[in-house]
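Report on the structure given below.
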Amino acid sequence: MPDDTTPPRPLYDRVMLKISGEALMGPQGFGLHPPTVQRIAMEVKSVHDLGVEICMVIGGGNIFRGLQGSAQGMERTTADYMGMLATVMNALAMQSALESIGVFTRVISAIPMDQVCEPYIRRRAVRHLEKKRVCIFAAGTGNPYFTTDTAATLRANEMGCEAIFKGTKVDGVYDKDPKTNPDAKRYDEISYDEVLAGHLGVMDASAIALARENDVPIIVFSLDEPGGFRGILAGQGTYTMVTG
């Protein structure tokens, strides 16, 4: 007879977790909040313990946002490169938090900086995943004018991820902002085209289009809900699935 205490087999074997830099701020208005970073690391570990291979991409908006810099008169490409460096700082912080709880982690940067992290080599990154190491992809795509959403979708495709998990402040995709509109409707499932047509802000348009072309589902869930990431992989929880 099967053991009732055996956890259910996860829905996916390899996933991409995309979170914003702002998710690491916690109650602060800027920078890194170590207890929040540690809490997210524990969420990742709980999924890693199921045997799931995990890729991560973390934004840099808690430190520097390229679009805001360019809006204030800075040259756009310079501002975007500064934003990429901010994502490396966040990735190193998450690596430190994960390794402190026993999860082997590699930070892999699209911009070579060998003293602090590995350069991006696809086959090497795949091998890390096969060895059950968490891979945090930093510095976006390595190119200005592309967001970390696009980087997450690109790396998810290159790594053969079965789904992209987008951790946000709300538990799914709504037709309008649920924080200011109590009558906002949450979708259980929505198509890529509906997200693009409705400008629903799940990810930027190029990321959605790339996911659509390669038929990679995007799962939008609340990062603030304890156990939410693990729960979805076990077939539970509240989320929105963006698919074809």
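FYI, it's all coordinate maths here, none of it is from the lab. Note that this is a predicted model, so its numbers are computed, not measured. Note that we place each Cβ from the backbone using ideal geometry, even for glycine, and neighbour counts take in every protein chain shown.
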- Item | Where Ile101 falls short, out of the listed (1) surrounded by fewer than 18 Cβ atoms within 10 Å (Cβ to Cβ); (2) touching a helix residue (DSSP H, G or I) at 6+ places or on another chain (Cβ under 6 Å); (3) farther than 21 Å from Cys135 by Cβ; (4) of a type outside the set (S, T, N, Q) | (3)
- With the condition kept exactly as written, say whether any residue in region 169-191 is surrounded by 13 or more Cβ atoms within 10 Å (Cβ to Cβ), farther than 15 Å from Thr243 by Cα, out of contact with any Pro (no Cβ under 7 Å at 6 or more places or on another chain) and touching a residue at least 60 places away in the same chain (Cβ under 8 Å). yes
- Task: State whether the residues of region 77-87 include one that is of a type in the set (S, T, N, Q) and either under 19 Å from the mean Cα position of the chain (by Cα) or not in a helix (DSSP H, G or I) (or both).
- Result: yes
- Item | In region 106-119, the residues that are within 21 Å of Thr141 (Cβ to Cβ) and not basic (Lys, Arg) | Val107, Ile108, Ser109, Ala110, Ile111, Pro112, Met113, Asp114, Val116, Cys117, Glu118, Pro119
- Within the group Asn157, Asn181, which residue is outside any loop (DSSP other than H, G, I, E, B) and either among the charged types (D, E, K, R) or out of contact with any Gly (no Cβ under 8 Å at 6 or more places or on another chain) (or both)? Asn157
- Message: Which numbered condition in (1) touching a Lys or Arg at 6+ places or on another chain (Cβ under 9 Å); (2) assigned to a strand (DSSP E or B); (3) among the hydrophobic types (A, V, I, L, M, F, W, C) is the only one that Ala125 fails?
- Response: (2)
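Let's see how each residue does on (1) within 21 Å of Glu53 (Cα to Cα); (2) among the β-branched types (Val, Ile, Thr):
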{"position": "Tyr192", "(1), (2)": "no, no"}
{"position": "Gly198", "(1), (2)": "no, no"}
{"position": "Val202", "(1), (2)": "no, yes"}
{"position": "Pro217", "(1), (2)": "yes, no"}
{"position": "Glu225", "(1), (2)": "no, no"}
{"position": "Arg230", "(1), (2)": "yes, no"}
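Would it be correct to say that Pro112 is free of Cβ contacts under 8 Å to residues at least 60 places away in the same chain, of a type outside the set (S, T, N, Q), exposed (fewer than 13 other Cβ atoms within 10 Å of the Cβ) and in a helix (DSSP H, G or I)? Quick ask: steps written out before the conclusion?
Values: free of Cβ contacts under 8 Å to residues at least 60 places away in the same chain: yes; of a type outside the set (S, T, N, Q): yes; exposed (fewer than 13 other Cβ atoms within 10 Å of the Cβ): yes; in a helix (DSSP H, G or I): no.
In short, no.
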- Restricting attention to region 13-28, does a residue exist that is surrounded by fewer than 16 Cβ atoms within 10 Å (Cβ to Cβ), assigned to a helix (DSSP H, G or I) and without any contact (Cβ under 8 Å) to a residue 24 or more places away in the chain? no
- Message: Against the condition within 18 Å of Ile63 (Cα to Cα), of a type in the set (A, V, I, L, M, F, W, C) and under 15 Å from the mean Cα position of the chain (by Cα), how does Ala91 come out, does it pass?
- Response: yes
